[in-house]
Amino acid sequence: MPGLSHKLTPLFTFLFLFLSFPTNASPATTAIAQQFKEAPQFYNSPGCPSIDQDEIDPESDGDSTVFCSEHAVHVAMTLDAAYIRGSMAAILSVLQHTSCPQNIAFHFVASASASTSLLRAAISSSFPCLNFRVYTFDDSSVSRLISTSIRSALDCPLNYARSYLANIIPLCVRRVVYLDSDLVLVDDIAKLAATPLGEQSVLAAPEYCNANFTSYFTPTFWSNPSLSLTFADRKPCYFNTGVMVIDLDRWREGDYTTKIEEWMELQKRIRIYELGSLPPFLLVFAGDIVPVDHRWNQHGLGGDNFRGLCRDLHPGPASLLHWSGKGKPWARLDANRPCPLDALWAPYDLLQTPFALDS
């Protein structure tokens, strides 16, 4: 029965992925056993710039040149089993709302300890025509520098991969949009990618100058004159590192990875902050970034870090919805305890229940 065999394919794929894991695998590892639907194929609008075939990608061995093209929009995300459901939704939202989806190049960074072959297969299955690569991130390069924070999930080494993008992504990529996995776009990412960075700025992000900036660092930091003078010549404002436009050439030239690591090394000796990978970015960049309209990071929708309370949208238009915070929309939907705004994430969810057959 040809029709039946096609309908059973998702079930067999799920069983194969599920049985591929040892029985003592951690929940984070087995999460990739979820089966995802294939997304629609998206095509460029007539006015999209063409990718110049003369642009040579030294790592491509003759395949698509999009990975080094300056006409492409380069998107960087981390990829792991625990958050792959969010990653799938984020990818779909990017493709669905851009005019030139075939000009998007995704650069995924996965932990060296993860099963990158299964992660790659999951992406390929849902997005057969996606331009993407998966790079491995050596956890040991940052594990020794990580200090415990207010929430254990923030201490995952992969959270710090954004500080190493300039070392991981090929040198031919000069600018990248970094996105967290717990967000969806409802606008064209090309608009965000085109943010002017001026003559010397390294990154751009929505910033919030009315936030209580002092709360991101400990009294030990502010009581030390040499440390508190870090912000003496700039107006520091909070920015969320889950959405950033980064000039990788300038990052490399300024060796900003080393600058971030130096603050992390100091944190190991003197506790100067509590909140994971964000404070080192603030110490290096706060007050020196290009501000982006707040519509590009309606963050905090995950709720309160301690109690999981629901949050409302910030005033004004929204181009990107970000469930930063403790609560993730897929977990709350599965638990039948969603926040009202989780309904905005649900249409991008590609999860397929394992025993549901196509009609």
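The values are calculated or read from the model by the stated rules, or taken from the named source; none is laboratory data. Nothing here was measured: the structure is a model prediction, and the numbers come from that model. With ideal geometry, Cβ positions are generated from the backbone for all residues, glycine too; neighbour counts draw on all protein chains shown. The area values use the complete protein model at the heavy-atom level, side chains included, leaving out ligands, DNA and RNA. Shrake-Rupley method; radii C 1.70, N 1.55, O 1.52, S 1.80 Å.
Give me the number: length gained by fully extending Cys209 to Phe231, i.e. 0.36 nm times residue separation minus the C-alpha to C-alpha distance, one decimal in nm.
Gain in length upon complete extension: 6.6 nm.
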Q. Taking the stretch 224-311, which trypsin sites (Lys or Arg not before Pro) meet the DSSP loop condition and have no more than 12 other C-beta atoms within 10 Å?
A. Arg234, Arg307
(Q) Quick query: amide H of Met244 versus all other amide H atoms, modeled in the peptide plane; which residues come in under 5 Å with a sequence gap of 5 or more or a different chain? (A) Tyr178
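What length, rounded to one decimal in nm, is gained on full extension from Arg144 through to Ser117, with 0.36 nm per residue of separation minus their alpha-carbon distance?
Numbers: separation 27, 0.36 × 27 = 9.72 nm, distance 2.65 nm.
Difference between extended and current length: 7.1 nm.
Could you estimate the translational diffusion coefficient of the stretch 102-214 from the Stokes-Einstein equation, with Rh from the Kirkwood formula over C-alpha pairs, at 20 °C and 1.002 mPa s, in whole µm²/s?
Numbers: Rh = 16.7 Å.
Rounded, D is 128 µm²/s.
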Q: Provide, as a two-decimal number, the C-alpha radius of gyration of the stretch 216-359 over 2.2 N^0.38 Å, N being how many residues it has.
A: 1.32
**Q.** Amide proton proximity set for Glu207, modelled H, under 5 Å, gap of 5+
**A.** Val292
Q: Would you mind working out the accessible area per residue for the stretch 184-284, using a 1.4 Å probe, and quoting it in Å²?
A: 44
Q) Taking R0 as 56 Å, what's the FRET efficiency between Asp187 and Ile270 from their Cβ-Cβ distance, rounded to 0.05? A) 0.85
Q) From the phi of every residue in the stretch 277-292, what ³J(HN,Hα) in whole Hz does the Karplus formula 6.51 cos²θ - 1.76 cosθ + 1.60 yield, where θ is phi - 60° and glycine or proline is x? A) 7, 6, x, x, 5, 5, 4, 8, 10, 4, x, 10, 9, 7, x, 10
